[in-house]
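Here's the structure, in structure tokens; my notes come after.
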Amino acid sequence: MVNDDKARRRFLEIQEVTKTFQIGADQVQALRAVNLNIDKGEFVCLIGASGCGKSTLLRIIAGFEKPSSGRISLYENAITGPGSDRGMVFQDYALFPWMTVRENISFGPRQKGLARKYIDEITAEYLNMVGLEKFADRYPLQLSGGMKQRVAIARVLANECELLLMDEPFGALDALTRESLQQELLEIWARTRVTVIFVTHSVEEAVLLSDRVVVMTAGPGRIEADVPIALARPREVSAIDFNQVRRDITQRLTSHVRHGSVRDLKAVA
Amino acid sequence: MSAIPAELNSAARLTGAADVTPAADPPASSTATSTESVLLAGAGGRKPWLPERVQAVLLAAAFPIALVVLWHYLVVVTGTKLVPTPYQVGVMMWDFSFGGIHDDAFSGSILTHLLASMQRVYGGFALAIVIGIPLGLMIGKVRVIRQMLDPTLSLLRPIPVTAWLPLSMIFFGLGPRSAVFLVFLGAFYPIVLNTIFGVRSVDPRLFEAASMLGCDGSRMFRQVVLPAAMPGIFNGLRLAHGFAWILIVVGEMTGVPTGLGSVIMDGRTLSRTDLVITGMIIIGIAGFLTDRIIVGINNRILRWSPQHHG
Ligand SMILES: Nc1ncnc2c1ncn2[C@@H]1O[C@H](COP(=O)(O)OP(=O)(O)OP(=O)(O)O)[C@@H](O)[C@H]1O
Ligand SMILES: [Mg+2]
């Protein structure tokens, strides 16, 4: 019943969202008139220069920040605060350091007051999905960065979130670990069909992962381009068509960076 | 991997011990301190020739033993009658514990006094924990409560707890309740302030993570704010426990018939310095042992963070 109802509703809608931060007497406009619709099951990458408001947009979707104006809704219900239907994966993991891997993953299910047996089943399932059964009783401080990020992903998935928000989740990891986590994330995405919004600075990562690349620009932050990636999966980084798409997006990124600097020069003059 | 925390541990145990034991001994002259630290540095630089644990105990014991020796010679050389020798204090300690030597009012009375003091110390300490930790968590986490209470706390904090003595005697009369109140006050501030600090130094993302996973209200306090603030809270507990023993002596010096503070006060009145020093040493030992217990609980609760092991 509920699911039928959900199927008819639009998934994530962001309309004319602005965000202005007040710092003492100064105002910083982080987002200006952002419009973005995302369908259920899509994998969307947000990319753009530092400071263009990617994290701010993600935090507004998560409900950690309120937009200064504009509307944002999930299944046509306005987002008013954090909720278990959206899960954020932070760049610095934000695991509960006093809980073991197992306890971190079972945190969401435990909040729902499910039966113990059911909680254990879910926890085991997601421990297995991210391949951390052997480390279930370790504390986060005893794990490598890649393992911590796996726990963070399992923690929000175990909570059965429908929208996975990832803010440069692999930015702090070495290239090898990043590659294997990218593959794992794609497998998880294919299996669970969770919707993903993924912030990255790497054009290659964006093209490798996403159905759509949303390019943002700074001063103040807005959406510059929304590029569908039609490449077949699994994708090969060294393929010719992959490189064409990558070059195209890099061009879009750098072209408005050049515009931006021209604008800055005018402002100075 | 496991060797490093063990090393850290024993180093911390050593400094912890050196921190507490001198309090029970007479003040050291500065020359003794510096020669002793040279000795310690020399021993630490060599390769361990004994099991690490034994070495740690030996190192920790060397300093107090040197102090006692120095004390003995200073008394003998100056020929003072005001300060007893360590041996005389040892005799007094034996008599205070088991009787059979002086056979006076203090012979064999250690348990009465120790238990009385412990009751008051742990009573006031427990009261400070029960009130201080929840209050600190709320002040740290809830902005309105912080705005409401923080200024008042900051205003009351600079008042030395001993300045409350006259008022506390009016509120609670001359007696143990007044002592408990002082202990409570003395333990309360370090607990509240360190709990607040503990909450404030938690990465705010942890609270965001908890709320996106469906945790809120009182569950947030129990499951996230409290455990996250534990390192700060334990700092506060250790400080507060030290203050509690300081204040019990002040509290018991105001006409309470039992307790180690009253023993010290009686010793002063009767000019029995051996009794005074005996009382001091027993307080030192009791405080030291309780601190070890707190550190043990700390290490268990904070087992996830070797950095916070005491
Ligand atoms: N809490 C805040 N208070 C004040 N200003 C903020 C706050 N958060 C973000 N900003 C400002 O908003 C703008 C956008 O910041 P945001 O962190 O969203 O950028 P970003 O695109 O995520 O950058 P990066 O790629 O470096 O992570 C910046 O100018 C930043 O200074
Ligand atoms: Mg960011």
* Structure fact -> Debye calc, one equal point scatterer per Cα of segment B:103-227, no solvent, log10 I(q)/I(0) at q = 0.09, 0.17, 0.18 1/Å comes to -0.38, -0.92, -0.99
* Compute the long axis of helix A:116-129 from its Cα atoms, compare it with the longest principal axis of the Cα atoms of chain A, and write down the angle in degrees, 0 to 90, nearest 10. => 50 degrees
* Structure fact -> Computed over all unlike Cα pairs, the Kirkwood hydrodynamic radius of segment B:231-298 in Å stands at 12.8 Å
* Please give the calculated 222 nm ellipticity per residue for the protein assembly as shown, where each DSSP H segment of at least 4 residues contributes -39500 (n - 2.57) and the sum is spread over every residue; nearest 500 deg cm²/dmol? => -19500 deg cm²/dmol
* Ranked by accessible surface with a 1.4 Å probe, highest first, in what order do A:Thr195, B:Thr152, B:Thr273 come? -> B:Thr152, B:Thr273, A:Thr195
* Asked: How many partner chain Cβ atoms sit within 10 Å of a residue's Cβ in peptide B:197-209, on average, as a whole number?
  -> 4
* Hey, what angle do you get for helix A:240-268 against the long axis of chain A, alpha-carbon based, 0 to 90 degrees rounded to 10? -> 50 degrees
* **Dipole in debye (nearest 20) - segment A:12-134, about Cα centre, beta carbon charges: Lys, Arg +1; Asp, Glu -1** => 220 debye
* Protein-only accessible surface order, largest first, of A:Leu74, B:Leu58 at 1.4 Å -> B:Leu58, A:Leu74
* To do: Send over the per residue convex hull volume for the protein assembly as shown, Cα only, as a whole number of Å³.
  => 239 Å³
* Asked: Per-residue accessible area for A:Glu187 at 1.4 Å probe radius, Å² rounded to 10?
  -> 110 Å²
* What is the pair-distance distribution P(r) of segment A:1-159, computed from all Cα-Cα distances in 5 Å bins starting at 0, with each bin given as a whole percent? -> 2, 8, 15, 16, 16, 15, 13, 10, 5, 1, 0
* Structure fact -> Expected integer from the mean partner chain Cβ neighbour count at 10 Å over A:80-91 is 3
* Structure fact -> Residue by residue through segment A:40-54, the couplings from Karplus 6.51 cos²θ - 1.76 cosθ + 1.60 with θ = phi - 60°, in Hz, x for Gly and Pro, are 5, x, 6, 10, 10, 9, 9, 9, x, 4, 4, x, 8, x, 5
* Structure fact -> Which residues qualify? For A:Glu42, with a placed amide H closer than 5 Å and at least 5 residues away or on another chain, they are A:Val196
* **Separation of the A:Glu160 and A:Ala7 label points, Cα + 7 Å toward Cβ, nm** => 1.8 nm
* Where both residues lie in the protein assembly as shown, what percent of DSSP beta bridges are antiparallel, nearest 5? -> 55 percent
* Looking at segment A:157-226 from every direction and averaging, what is the projected area of its Cα convex hull in nm²? -> 5.5 nm²
* What residues have an amide H closer than 5 Å to that of A:Leu31, excluding those fewer than 5 places away on the same chain, when H is modeled at 1.01 Å from N in the peptide plane? -> A:Lys19, A:Gly221
* Asked: R0 = 51 Å: FRET efficiency of B:Val54 with A:Glu187, Cβ-based, nearest 0.05?
  -> 0.40
* Starting from 0 in steps of 5 Å, tell me what percent of the Cα-Cα pairs of segment B:149-285 lands in each bin. => 2, 10, 14, 15, 14, 12, 9, 8, 6, 4, 3, 1, 1, 0
* **Dipole magnitude (debye, nearest 20) for the protein assembly as shown, charges at Cβ of Lys, Arg, Asp, Glu** => 680 debye
* Asked: Looking at chain A, what % of its DSSP beta bridges pair antiparallel, to the nearest 5?
  -> 55 percent
* Asked: Amide H to amide H, which residues 5 or more places from A:Ile79 or on other chains are under 5 Å from it, using H placed in the peptide plane?
  -> A:Ile72, A:Ser73, A:Leu74
* Between the helical axis of A:145-158 and the dominant principal axis of chain A, each derived from Cα atoms, what acute angle in degrees is found, rounded to the nearest 10? -> 80 degrees
* **Spacing of the two label points (7 Å from each Cα toward its C-beta) at B:Thr152 and B:Arg292, in nm** => 4.1 nm
* Starting with the highest mean, order A:215-225, B:118-128, B:188-198 by the number of other Cβ atoms within 10 Å, averaged over the residues of each peptide. => B:188-198, B:118-128, A:215-225
* Structure fact -> Other residues with Cβ under 11 Å from the Cβ of B:Ala179 give, with Lys and Arg +1 and Asp and Glu -1, a net charge of +1
* Asked: Please state the equivalent ellipsoid semi-axes for chain A: what are the square roots of 5 times the Cα gyration tensor eigenvalues, largest first, in whole Å?
  -> 32, 22, 19
* Would you mind checking A:Lys40/B:Lys141; A:Lys112/A:Lys134; A:Lys117/B:Lys141; A:Lys6/A:Lys148 for any pair whose Cα atoms are more than 29 angstrom apart? => A:Lys40/B:Lys141; A:Lys117/B:Lys141; A:Lys6/A:Lys148
* To do: Net charge near B:Ile196: determine it from the other residues with C-beta under 14 Å of the C-beta of B:Ile196, scoring Lys and Arg +1 and Asp and Glu -1.
  => +4
* Cβ neighbours within 10 Å from other chains - mean over A:92-102 -> 5
* Taking the Cβ of A:Tyr126 as the centre, find all other residues whose Cβ is under 14 Å away and add up their charges (Lys, Arg: +1; Asp, Glu: -1). => -3
* Taking the simple approach of a point 7 Å from Cα along Cα-to-Cβ for both B:Asp203 and B:Gln307, what is their distance in nm? -> 1.0 nm
* Which residue, A:Gly146, A:Gly113, A:Gly53, has the most motion in a Gaussian network model of chain A that connects Cα atoms within less than 10 Å? -> A:Gly113
* Structure fact -> Short to long, in 5 Å steps from zero, the percent of alpha-carbon pairs of segment B:270-310 per bin is 6, 22, 15, 13, 11, 9, 9, 6, 5, 3, 0
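The values are calculated or read from the model by the stated rules, or taken from the named source; none is laboratory data. Everything numeric in this text was worked out from a predicted model, so none of it was measured. In this analysis, Cβ positions are derived from the backbone assuming ideal geometry, glycine residues included, and neighbour counts consider all displayed protein chains. When the accessible area is computed, the model is the full protein with side chains, heavy atoms only, and any ligands, DNA or RNA have been set aside. Shrake-Rupley method; radii C 1.70, N 1.55, O 1.52, S 1.80 Å.
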